[in-house]
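Below is one structure, written out as structure tokens; the observations come after it.
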Amino acid sequence: MSNLDLNAVNRNLENSDTPREAEVEENDEDRKFYETHGTYDRYEISEEDCYDELGFSYPFWKKWTILTIVFMVQVSMNFNTSLYSNGASGISEEFGVSAQAARVGAAIFLITYAFGCELWAPWSEELGRWPIMQLSLFLVNIWQIPVGIAPNYATIIVCRALGGFSSAGGSVTLGMVADMWEADVQQYAVAYVVFSSVGGSVLGPIVGGFVEQFLAWRWNIWIQLIFGGFVQVLHFFLVPETRTTIMMDRIAKKRRKEGEKNGKPVNVWGPNELTPFKDRFSAREILITWIRPFRMFLTEPIVLVLSLLSGFSDALIFMFLQSYALVYAQWDFAILSIGLAFIPIGIGYVIAYLLFIPAIKRNVKTRRDHPESETAQYESRLWWLLWTAPCLPIGLFIFAWTSTGPPIHWIGSMIASAIIGIANYSIYMATIDYMICAYGPYSASATGGNGWSRDFLAGVLTLPATPFFQNIPSSSNRLHLAYASTILACLASVLVLAVYVIYWKGPVLRKRSPFAEKLANAKVEGGGRRVSTLPGIYGSRHNSIATGAAVPGSRRGSVMRSQPATRQVSRVGGY
């Protein structure tokens, strides 16, 4: 952009229907701007102009260092959702509430976490990933303290709810993947982050088993705080801003500053610099931004269908996990041993992660061999799920009829748990990969729907899960645990059928998803790389795709027409 051919741009302006600069009402500041730059227009920098300075061009070691810190942040978030449950018995005893009431702290955190993901995600697209993640981590850590020193049960519930609302969740971390990897090469990074999400959930009960057996219940909270504080410090010092539009603002400011220093003014401006602060953060625009993830969830069939698939899958698995204490008590497992019984699920996650590596290689080859095929670019990302999704009902059926206690050995139920783990990881990974590919720079808002479904449904089912296993058909029936798990397996069988329908109907879902379709069209028009922002829909307020002549050599229009230095009078495209 520093070598922008302003004469060519001005020739394009002369041939367009844009109001001539002479027609713009002048004031002293306008005249000064014109004397400096020879134009009234402010020229917006595009990704093409600074691509080698954006996250996409970071060296391999830097990308994976950032991603590893993000991995640890994500583990801490999901660890926070699951470790609390091991303190439920201590809370029940200390405050004289029922065991069911003590579990409300786990349920309320998951439910508010679901809304927290949706509320934080769009702001990471407006203000940047780094400040949003730092603020989220700080607030989550702060709300741990009142829980750890809680004098009564109400304090625990209120502060757990606030902690959930404060959690930005995986939508922001997955948005960072879209900041550093183009859709064609993102899958290894997505697989890594997804592994951190599911891994954090299973780490909680494993660690919690030791805490519950050897320490007071409050140590569940202090361990979470120590872990959360540690990853916040790592994130603060080792993770830079990755959001493309924020980086473009900084690059433009740097180029103008260097131009002033060298006596050669540079007329380039970042995307957010061209919209006044009061316009970007008016009450109406704040509401639009907050609504964006929920609106995408309801109006984008891709987001709705894939989120419900992932959410119901996670809800079924979460209910199944609530049976562990009841199931392994039949073999006289101690509290510590019940915690260790979660290890096979973790092993299933590891197996699924490793199996996805050759599947991703095959997928990359398919996309390379068929660049013009939309199915190759999108639906092929769900191909491996067609083979692994059936592991969910298969694993649940096996678990159901190996969880009836002696004389059947407990190892059978643990093998089933590993099979279920393979399915859970695969469903989460495939749906997230597809959504990041479809929504690119807005993947934080899009994947927020996925996180909302998973956390909300899991939270809602926390309280009825234990009675479900105890009372179907009745606690006096020796096989009641098997019957309850069989019901979940049957529901999972129906869910798996949805995977094949989505794979088959994927092109139809995309055509009916207006935002995804617009992003795909803009990518095609821009020469194959995705745009960093999209105008006029779902709270995407900055208009980065201009009508009329484009800057020579740029893959998308980057000229903001008739943009005086002191006010916004631009005529730009949009819808």
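The values are calculated or read from the model by the stated rules, or taken from the named source; none is laboratory data. None of the values given here were measured: they were computed from a predicted structure. All Cβ positions, glycine included, derive from the backbone under ideal geometry; neighbour counts span all protein chains shown. Areas reflect the complete protein model, heavy atoms only, side chains present, ligands, DNA and RNA absent. Shrake-Rupley method; radii C 1.70, N 1.55, O 1.52, S 1.80 Å.
Computed values, structure above
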| item | result |
| --- | --- |
| Selection count where residues are in contact with a Leu (Cβ under 8 Å, 6 or more places away or on another chain) and in contact (Cβ under 8 Å) with a residue 60 or more places away in the chain, scope segment 406-422 | 2 |
| Residues (out of contact with any helix residue (DSSP H, G or I) (no Cβ under 7 Å at 6 or more places or on another chain) and under 17 Å from Leu162 (Cβ atoms)) located in segment 114-144 | Leu135, Leu139, Ile142 |
| Candidates Ala458, Ala465, Ala430, Ala416, filtered to the one that is in contact with a Lys or Arg (Cβ under 8 Å, 6 or more places away or on another chain) and either open to solvent by 50 Å² or more (accessible area, probe 1.4 Å) or within 25 Å of Leu203 (Cβ to Cβ) (or both) | Ala430 |
| Asn86, sole failed condition from (1) buried (at least 18 other Cβ atoms within 10 Å of the Cβ); (2) of a type outside the set (A, V, I, L, M); (3) farther than 17 Å from Pro205 by Cα | (3) |
| Trp384, sole failed condition from (1) under 24 Å from Ala438 (Cα atoms); (2) open to solvent by 70 Å² or more (accessible area, probe 1.4 Å); (3) in contact (Cβ under 8 Å) with a residue 24 or more places away in the chain | (2) |
| All positions within segment 270-290 that are surrounded by 16 or more Cβ atoms within 10 Å (Cβ to Cβ), out of contact with any Leu (no Cβ under 7 Å at 6 or more places or on another chain), farther than 30 Å from Trp61 by Cα and not hydroxyl-bearing (Ser, Thr, Tyr) | Glu273, Leu274, Glu285, Ile288 |
| Single residue of segment 351-366 satisfying the filter (surrounded by fewer than 18 Cβ atoms within 10 Å (Cβ to Cβ) and in contact (Cβ under 8 Å) with a residue 24 or more places away in the chain) that is nearest to Tyr503 (Cα to Cα) | Val364 |
| Residues located in segment 461-490, provided they are in a loop (DSSP other than H, G, I, E, B) and not aliphatic (A, V, I, L, M) | Pro473, Ser474, Ser475, Ser476, Asn477, Arg478 |
| Residue match in segment 341-350 (condition: open to solvent by 40 Å² or more (accessible area, probe 1.4 Å) and touching a helix residue (DSSP H, G or I) at 6+ places or on another chain (Cβ under 7 Å)) | yes |
| Inter-residue pairs, beta-carbon under 7 Å, first within 12 Å of Gly448 (Cβ to Cβ) and part of a loop (DSSP other than H, G, I, E, B) and in segment 279-304, second open to solvent by less than 50 Å² (accessible area, probe 1.4 Å) and aliphatic (A, V, I, L, M), 6+ apart | Glu300/Ala516 |
| The lone exception for Tyr328 - which of (1) of a type outside the set (A, V, I, L, M, F, W, C); (2) more than 28 Å from Leu497 (Cβ to Cβ); (3) assigned to a helix (DSSP H, G or I); (4) modelled with pLDDT under 90 it fails | (4) |
| Among (1) open to solvent by 10 Å² or more (accessible area, probe 1.4 Å); (2) of a type in the set (Gly, Ala, Ser); (3) in contact with a helix residue (DSSP H, G or I) (Cβ under 8 Å, 6 or more places away or on another chain) - the single one Ser475 does not satisfy | (3) |
| Flag if Thr242 is outside any helix (DSSP H, G or I), under 16 Å from the mean Cα position of the chain (by Cα) and of a type outside the set (A, V, I, L, M) | yes |
| Yes/no for Met176 being hydrophobic (A, V, I, L, M, F, W, C), buried (at least 24 other Cβ atoms within 10 Å of the Cβ) and modelled with pLDDT of 90 or more | yes |
| Residue tally, condition closer than 19 Å to Glu47 by Cα and not in a loop (DSSP other than H, G, I, E, B), over segment 250-276 | 13 |
| Residue identified as open to solvent by 40 Å² or more (accessible area, probe 1.4 Å) and within 20 Å of Ala458 (Cβ to Cβ) among Ala315, Ala325 | Ala325 |
| Candidates Ala489, Ala423, filtered to the one that is buried (at least 17 other Cβ atoms within 10 Å of the Cβ) and over 30 Å from Ala101 (Cα atoms) | Ala423 |
| Residue tally, condition modelled with pLDDT of 90 or more, open to solvent by less than 50 Å² (accessible area, probe 1.4 Å) and not hydroxyl-bearing (Ser, Thr, Tyr), over segment 111-130 | 3 |
